[in-house]
Amino acid sequence: MDELAIKIEHVSKQYRLGAIGGGSLRGDLQSWWARVRGKEDPNSKVGTRTDIKIGERFLALDDINLEVKKGEALGIIGHNGAGKSTLLKLLCRVTAPTTGMIGINGRIASMLEVGTGFHPELTGRENIYMNGAILGMTRKEIDAKMEDIIEFSEVRQFIDTPVKRYSSGMYVKLAFSVAAHLDSEIMIMDEVLAVGDMAFQKKCLDKMREAANKEGRTVLYVSHNMNTIRQLCDRCIVLDHGKVIYDGDVDAAIAKYLGEHQETAFPVAYDLSQNKRNHHFGKQIFVKSFRFLEAEAARFMIGQTINIEISLDSKIEVDDARIVMRIKDKGNYVRYASSLSNCFSISRSEGQKIRLRLDTTQLIEDEYCFSFEVISTDSIGNYHSYDNPMATIFVFMYECDDSDINWAKQYWGNIRLPDMSAVTIR
C-alpha cells in the first residue's frame, strides 16, 4: 500500500428504491397509509415517478476493484447513472459501501458539487479555516496558505462576505482554490468546473496538472468533457451500470465510452428492449428500438437525409410529446441540435412507431454520437424527460473525381465556394 493512494477491493453499493423517509414521522406515516390504500403519496414532489416498487434493490456499484498510485491523474467517465458520483462519495466517506473494502493512503480534498463542505452562514475566509481544520491543519498552516487561496479564487473583494450570497461561479472558484491549496495528498473533483468561466477552467486544469506532475498529489477527475480528460489524465476508467468495463489508456477509454470499440462500428438497428438494457427501470415511456431506414450501415454522405424509425412502449398517455435530437463530436461537444416543431401524442401501448427525418447538410465529415430525447411539458410548466438513447453515426464528404483537394473542416459547417474565374491583367 506504500506506493498506492487508493485501493478498492470488491466494493458494491446497493440502494433500496423508494425507501427514503419523508423527513418526519408524520410524513412517513402519511406516505405509508397512502400506499396501503393504493393512493398517491401526498408527500411526493410534482412530476416524480410513481411506478417504483418500494423496496426493490438497485446496485449503483457492482463489485468494483481499483488501484490508484500516488501522483497519478485518473479520469473517470461513463454515462449518467453509471456510478461515477457514487464511487467518489464512497471515497470521501460521504456514504459507506454495502460490501467490500476501501483503503485510503493520505488526506482527501474533494469538490463533489457546488458548495460541498461550506457553511452558508460563514464567510469565505471562515470556511477556509473550517476546511483546513477538517483536514487536520493548524491555524498557522492555514494562515500560510491563505493569501495563495484568496488570490487564486479571484473573490478577494467578497472573501469576508457570507458564502450564502455567492453566485454558483464564486462558490466553485473558492471551493476549488481551497481544495487545491490546502495540504492533502488526494484531490477528488466531480464535474463542477463547468460552472466556472473558460479562463478559470483553464487555470484549474493547469493547477491539477501541476498538483499531479510536480507536487506528486493524486487526482481523481470525473467529467463528460473528453478534451479535459485528455489534457489532464494519464489513465482513465470507464464505468457502465456500476461496473468498470475499461481501465487503461485515456484515448482507448474515450473510444470505449463513445462506442468505437464495437465490432460493428455503425449498426443500423438498435434493440433496446428491457432484456437488453437494465437502466430502463421506472421509465414511463421507453424507447424499445430504433433503426436507420434505407441504409446498410449508419454511414451517411453530407447532405443526405437520415430517416429513423422509433418504436415506443408507454405506460402513460401524453398529448404534447416532443423529440429533441443532439449530435455530439468525439470531444462530447454538441455540434448539431434540433427538435420537432410540432407536438405528437403518445398512447398507452407497446410498439408505437414514429419516424424522424434529419438533414446532415451542416455537418462536417466526422464520427458522431447521435441521441434523441423523448420529452414533454405539463400544464404547469414541469419538464419531463422520459428516455434518451444514443447511437454512433459517421458522416462523410462526397468524393470529387477531378480534384485531390481535401476541403477544410469548420466547427459549425462545411462550405464549398463556387469555382474561381481567372482574369488576365495587362
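The values are calculated or read from the model by the stated rules, or taken from the named source; none is laboratory data. All of these numbers come straight from a predicted model, not from anything done at the bench. All Cβ positions, glycine included, derive from the backbone under ideal geometry; neighbour counts span all protein chains shown.
One table, with the values for the structure above:
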item	result
Matching residues in the stretch 157-169 - criterion: being modelled with pLDDT of 80 or more and either of a type in the set (Ser, Thr, Tyr) or crowded, with 21+ Cβ neighbours inside 10 Å (or both)	Thr161, Val163, Tyr166, Ser167
Identity of the residue in the stretch 82-103, touching a residue at least 24 places away in the same chain (Cβ under 8 Å) and surrounded by fewer than 15 Cβ atoms within 10 Å (Cβ to Cβ), that ends up farthest from Val222 (Cα to Cα)	Thr99
Qualifying positions in the stretch 274-305 - farther than 24 Å from His79 by Cα, touching an Asp or Glu at 6+ places or on another chain (Cβ under 9 Å) and either assigned to a strand (DSSP E or B) or modelled with pLDDT of 80 or more (or both)	Leu293, Thr305
Some residue of the stretch 378-386 being modelled with pLDDT of 80 or more, over 29 Å from the mean Cα position of the chain (by Cα) and assigned to a strand (DSSP E or B)	no
Members of the stretch 150-161 found to be assigned to a helix (DSSP H, G or I) and over 15 Å from Ala179 (Cβ atoms), listed by number	Glu151, Arg156, Gln157, Phe158
Answer from Gln14, Gln30 - the residue that is part of a strand (DSSP E or B) and either closer than 30 Å to Leu239 by Cα or at pLDDT 65 or above (or both)	Gln14
The listed residue being of a type in the set (Gly, Ala, Ser) and in contact with a strand residue (DSSP E or B) (Cβ under 9 Å, 6 or more places away or on another chain), out of Ser223, Ser177, Ser167, Ser153	Ser223
Members of the stretch 238-257 that are touching a strand residue (DSSP E or B) at 6+ places or on another chain (Cβ under 8 Å) and under 13 Å from Asn227 (Cα atoms)	Val250, Ala253, Ile254
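Residues checked against (1) within 18 Å of Ala179 (Cα to Cα); (2) at pLDDT 80 or above; (3) among the β-branched types (Val, Ile, Thr); (4) in the same structural domain as Ile186 (by TED's automatic domain parsing):
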| position | (1), (2), (3), (4) |
| --- | --- |
| Gly38 | no, no, no, yes |
| Gly47 | no, no, no, yes |
| Asp63 | no, yes, no, yes |
| Lys69 | no, yes, no, yes |
| Glu72 | yes, yes, no, yes |
| Glu113 | yes, no, no, yes |
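For (1) part of a helix (DSSP H, G or I); (2) assigned by TED's automatic domain parsing to the domain that holds Cys92; (3) closer than 24 Å to Cys92 by Cα, each residue gets a yes or a no:
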{"site": "Gly132", "(1), (2), (3)": "yes, yes, yes"}
{"site": "Met137", "(1), (2), (3)": "no, yes, yes"}
{"site": "Glu141", "(1), (2), (3)": "yes, yes, yes"}
{"site": "Ala144", "(1), (2), (3)": "yes, yes, no"}
{"site": "Asp148", "(1), (2), (3)": "yes, yes, no"}
{"site": "Tyr171", "(1), (2), (3)": "yes, yes, yes"}
